Amino acid sequence: MRDSFDEFDHETHMRRALELAREAADRGDRPFGSVLVRDDRIVMAASNRVVSEEDVRRHPELDLAMRARRELSPEERAETVMYTSTEPCPMCAGGIRHAGLGRVVYSVGGRDIGDFTDQSAPVQSAAILAGVTEVVGPVLHEEGRAIHEAFDW
C-alpha cells in the first residue's frame, strides 16, 4: 500500500491543507492545517483551533490522529497519508505514532518554523515516527512559507 502513496495527488491535497492554515490564521489561530487522505481522497480535515477554542491540544495533526484512532481500523489508518501545512511538532508526532498512520507529508519543516517563531522543534517528527510512519517533505514549500510570512508571529 505504501507504494501507492506515491500515486496520490500531493499538490492538491497539500493545497487544501494550506487553505485550512489560512482559514486558521484568518480566525485568529496560528496558521496550521491538515487533511487525512485515504485512497487519494480526503476523508478528514482540521485546522488549528488552539486560540479560538482555548485548548492547547487543538493542533490539526493531533485532532486528525485522535479522530483516525476512533473512526478507522488499524489497517485503514496504515493506508492513510496526512498532508499538513507544517511538519508536526513533537506532541502531534506522538499522536500520529500512536494512530499508526502510513505517511506524513508536510510543506514547511519544523526547523523553518524557527525562522518565524524563534522556537524550532527540539526533535523532528521523523525521529519520533521512525519505524511507524514515513515522513516526507517539503512539498509546496514556498507556498507554505508565504502563509507563515504573512502571519503576525
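The values are calculated or read from the model by the stated rules, or taken from the named source; none is laboratory data. All figures in this text were calculated on a predicted structure; none of them were measured in a lab. Here the Cβ positions follow ideal geometry from the backbone for every residue, glycine too, while neighbour counts run over all protein chains shown. Only protein heavy atoms, including side chains, enter the accessible area calculation; ligands, DNA and RNA are left aside. Shrake-Rupley method; radii C 1.70, N 1.55, O 1.52, S 1.80 Å.
The table for this structure:
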quantity	calculated
From the options Ile96, Ile147, residue that is touching a residue at least 12 places away in the same chain (Cβ under 8 Å), of a type in the set (Val, Ile, Thr), farther than 23 Å from Arg38 by Cα and open to solvent by less than 50 Å² (accessible area, probe 1.4 Å)	Ile147
Counted residues, region 23-44 - those being touching a helix residue (DSSP H, G or I) at 6+ places or on another chain (Cβ under 6 Å) and farther than 18 Å from Ala78 by Cβ	3
Qualifying residues in region 22-68 (those that are part of a loop (DSSP other than H, G, I, E, B) and of a type in the set (S, T, N, Q)) - the one farthest from Thr12 (Cα to Cα)	Ser52
In region 69-92, the residues that are under 18 Å from Leu20 (Cα atoms) and assigned to a helix (DSSP H, G or I)	Cys92
Which listed residue is at pLDDT 95 or above and open to solvent by less than 10 Å² (accessible area, probe 1.4 Å), from Leu18, Leu72, Leu62	Leu18
Filter result for Leu20 (of a type outside the set (Gly, Ala, Ser) and over 17 Å from Phe151 (Cα atoms))	no
Boolean, Ala121 is farther than 23 Å from Ala68 by Cα, in a loop (DSSP other than H, G, I, E, B) and open to solvent by 20 Å² or more (accessible area, probe 1.4 Å)	yes
Odd one out for Leu64, checked against (1) under 17 Å from Val136 (Cα atoms); (2) under 11 Å from the mean Cα position of the chain (by Cα)	(1)
Test: residue in region 88-103 that is of a type in the set (Val, Ile, Thr), touching a Gly at 6+ places or on another chain (Cβ under 8 Å), closer than 27 Å to Glu142 by Cβ and modelled with pLDDT of 95 or more	no
Gln124 vs. criteria within 25 Å of Asp26 (Cβ to Cβ) and at pLDDT below 95	no
Count of residues meeting criterion [closer than 15 Å to Thr84 by Cβ and of a type in the set (Lys, Arg)] in region 24-45	1
Residue tally, condition part of a helix (DSSP H, G or I) and within 11 Å of the chain's Cα centre (by Cα), over region 93-109	2
